Each structure stands twice: as structure tokens, then as C-alpha cells.
Amino acid sequence: MDYSAKLDEALNKLHEEGRYRTFIDIERKNGQFPHATWRKPDGSEQPITVWCGNDYLGMGQHPVVLAAMHEAIEATGAGSGGTRNISGTTVYHKRLEAELADLHGKEAALLFTSAYIANDATLSTLPKLFPGLIIYSDALNHASMIEGVRRNGGAKRIFRHNDLAHLRALLEADDPAAPKLIAFESIYSMDGDFGPIKEICDLADEFGALTYIDEVHAVGMYGPRGAGVAEQERLMHRIDIINGTLAKAYGVMGGYIAASHKLCDAIRSYAPGFIFTTSLPPAIAAGAAASVAHLKHDNSLREKHQEQAAKLKLRLKGMGLPIIDHGSHIVPVMVGDPVHTKALSDMLLENYGIYVQPINFPTVPRGTERLRFTPSPVHGPSEMETLIQAMDALWSHCALNRAELAG
């Protein structure tokens, strides 16, 4: 076989479909985010404003977080030195897990290197702990959840997105004595819609199922202490396993689950994705712990974040741009074609210094390609005005429809 030709074929297919992903070399400026520098392939530089970052609250440059990380580096050095079992557990890791358990009102928390790994490792391990487990997974769950469910070797059922009637029908069709788990998200990141947490918990109670919620796009931003939508709706006590990230609203890196002592202990003891992975550097754990602790008390950033999202959606709607608005902080502007989406992204960057990545298949279904904006408390009026004017001009330039989608 001509391996090189096969690689060319695979890559050319992405180019032809307008789905080839280009990494933009950017340098964030501490204290000035969302402003950054774009380092172009030709060696030149251009100032840009980042509109697609997941550092939703700007905590990646917060003095409390930076001070904690500096202190940990001075105290312990760079890396952790091993897996959690082999010299990689420090006071910083234990402190972070205690903060997370407290955040979610759970007995324990278990730290992973990312929320992807936390989802994959946990969901793929659960059937080892509960033989015969059936996992009921929302059709729009994140790729990490899908991968974990796929790899676990157990039975799975996919219910239509947020379709409680379909979920009920699937539950009713299975053996009442079989162990069951319902896996879903609180906020689905591409459309920004919410999962029906209470109703899913009601079904779980009725059919004797465990509940597993991914709060990745909600932790830090929703609820009185930033524990997520389940906290906001006063439902955390009804969720058995909560998955979250430290790399978005908390501005650092890592993922975790929060659950009972027994469940965290079992995952810690059985999940290869946890057992054989070098633990996060102590400085990362220290920064994350400081961020979680700070956001338990600082509601001003959460409030400003929601105000910014609402303002941006209102301005885009006012121009007749097709956005999806489910009331969350996610702002998707629908384009519907991968080539047009990439072209818009390129023109925004090159002509206006606005950085927003195109979202194409397989992240979203074909025909629903979009630009996904993530406004934050550190995006000021001038940045928003520049974005609005650019979108208005480019939408006309590309002759795209100005038809509002139902939210």
C-alpha cells in the first residue's frame, strides 16, 4: 500500500469539503485578554481579539489564580513526578479534590487530566463495577461521553436529544432488574440548550437508574457558588455522578468527577485512564483550587458574563442574523455551509482581527455549520461593537440570509 497517498487522500477530502482545521498560532497577553497576538506563518504579527475561547470568565489571568500557581511552582517545582499512585499525589491535588467535593455537595471528587478523560474513563469503567449495566445516553452527548459508552463493552441505548418520552420507552423496554445509568449534559455546547435535569432524575427514580451529568459548560458560571445548572435548579443531591472541567470557566486545566466516596474509590481503583496517567502538575492543581474557591463567592463575574451573552445575542438578532438562543451563554450564529463558515472565519480574522473558529462536521451535523461566539466579562463595549459591525458587513458581503432561527 502507498501509505503516503492514503494520507493525502484523507487530508484532501477534508480540504475539498471545507472541513480542514487550521490551528491559529496565538499568544495571549496576561492582563489584556481577550486581546492577543496572531503569529502568522510568514513570521508577521497582528493584534486580534479572541471570541471563541473557553476561558469564559477570564480566570486564566486572575491574580488569585496566578499567585497560587507561582507559589506552588516555587514550593514544588514543575511536574508532579508520577501517577497518582506513584508519587503523583500532593497536598495540592488533595486540596483541589476537597474544593470540588464541597462545591458539588458530594462526599468525594476525583481529579483527571481533562474532562474528556474523566468522562471516558468513568463511563467505560462503570460496567466493570455494575455487571450488566445499561447506559442510556442522550444523542447529543459530548464525544468523550460517546467514546466512554462505546468502549465499555456493555449495553447502551441512545435516546433522542432531550426526548423524555423516548427515554421512558427505552427504560420500559429493558429488564427492570438490570442496573441502569442515564448520561446527559446540563448545557449542550453547540446549541446552548439545557438538559431537563429534574425530569430525567424523576425517570431515574422511577426505574432505579443512576444519573450522570456533564456540567462542563456550566461549572463556574451557573448556581449561587458556580457548581452548575444542577445547583441552580437545586437538584445536585439527585445526581449520582457530576463531571466537570477546570479548563473553561476556571481558566486552568483538568477534569473531575464528584460522587460518593465509594464510587470515586472504585473508579480510582479500576479505571485505566486514571491509574496509568501522570497526575496534573501541582501548580495546575493549585491554580484550579484557587479558582474554584474564588468563584464560590464571586457572583459578579457570573452576572457580567450573562449580561454580555444577552447583549451580544440581542445585537445579532437585531441585524436579523440567524442565531440559536436557548437562554444560555452559548452564542451560535448559523451559517449552514462549511465553505462559507470557513470563509467568514478567515475574513473576520484577516480583515477585522476577530478570531472565531468555524464549527463544522463532525462536531455538528452537516448543514448546521456555524460560528460559535463566547462573550466574557472581559469583552468590552468596543470589542463588541467591532464584532457587530464586522458580522453585519461580512453577512452582506457573502449574501447570506438574514432569517432568524427559532430559539
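The values are calculated or read from the model by the stated rules, or taken from the named source; none is laboratory data. These figures come from a predicted structure and were not determined experimentally. Quick reminder, even Gly has a Cβ in these numbers, built from the backbone with ideal geometry, and neighbours come from all protein chains shown. Quick note on the areas: whole protein, heavy atoms, side chains included, nothing else; ligands and nucleic acids left out. Shrake-Rupley method; radii C 1.70, N 1.55, O 1.52, S 1.80 Å.
See the values below:
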item	result
Positions within region 102-113 being surrounded by 21 or more Cβ atoms within 10 Å (Cβ to Cβ) and in a helix (DSSP H, G or I), in sequence order	L103, H104
Search result, residues across region 63-78 that are farther than 9 Å from A283 by Cα and either of a type in the set (V, I, T) or crowded, with 21+ Cβ neighbours inside 10 Å (or both)	V64, V65
Number of positions in region 22-76 that are assigned to a strand (DSSP E or B), touching a residue at least 12 places away in the same chain (Cβ under 8 Å) and not aliphatic (A, V, I, L, M)	8
Residue in region 114-132 that is closer than 23 Å to H326 by Cα, crowded, with 22+ Cβ neighbours inside 10 Å, within 22 Å of the chain's Cα centre (by Cα) and among the hydroxyl-bearing types (S, T, Y) present	no
Filtered residues of region 276-304 (kept if surrounded by 15 or more Cβ atoms within 10 Å (Cβ to Cβ) and among the acidic types (D, E))	D298
Flag for A139 being free of Cβ contacts under 8 Å to residues at least 12 places away in the same chain, open to solvent by 40 Å² or more (accessible area, probe 1.4 Å) and either closer than 15 Å to A285 by Cβ or within 21 Å of the chain's Cα centre (by Cα) (or both)	no
Enumeration of residues in region 183-235 that are touching a residue at least 60 places away in the same chain (Cβ under 8 Å) and of a type in the set (S, T, N, Q)	S189
Condition met for V364 (under 18 Å from the mean Cα position of the chain (by Cα) and at pLDDT 95 or above)	no
Members of region 1-21 found to be open to solvent by less than 60 Å² (accessible area, probe 1.4 Å) and assigned to a loop (DSSP other than H, G, I, E, B), listed by number	E17, G18, R19
Residue within region 63-79 that is in contact with a strand residue (DSSP E or B) (Cβ under 8 Å, 6 or more places away or on another chain) and within 20 Å of A271 (Cβ to Cβ) present	no
Scope region 254-275; condition in a loop (DSSP other than H, G, I, E, B) and either open to solvent by 30 Å² or more (accessible area, probe 1.4 Å) or closer than 13 Å to D214 by Cβ (or both); matching residues	S260
Residue count, region 234-253 (criterion: open to solvent by 30 Å² or more (accessible area, probe 1.4 Å) and part of a loop (DSSP other than H, G, I, E, B))	5
Residue that is most open to solvent (accessible area, probe 1.4 Å) [pool: residues in region 355-380 that are farther than 24 Å from E17 by Cα and either among the basic types (K, R) or touching a helix residue (DSSP H, G or I) at 6+ places or on another chain (Cβ under 9 Å) (or both)]	V378
Extreme residue, most open to solvent (accessible area, probe 1.4 Å), among residues of region 305-354 that are within 24 Å of Y20 (Cα to Cα), among the acidic types (D, E) and in contact with a strand residue (DSSP E or B) (Cβ under 9 Å, 6 or more places away or on another chain)	E350
Selection within region 79-98 - under 20 Å from V219 (Cβ atoms), open to solvent by 50 Å² or more (accessible area, probe 1.4 Å) and in contact (Cβ under 8 Å) with a residue 60 or more places away in the chain	R95
Filtered residues of region 335-354 (kept if within 17 Å of L316 (Cα to Cα), at pLDDT 95 or above and not in a helix (DSSP H, G or I))	I354
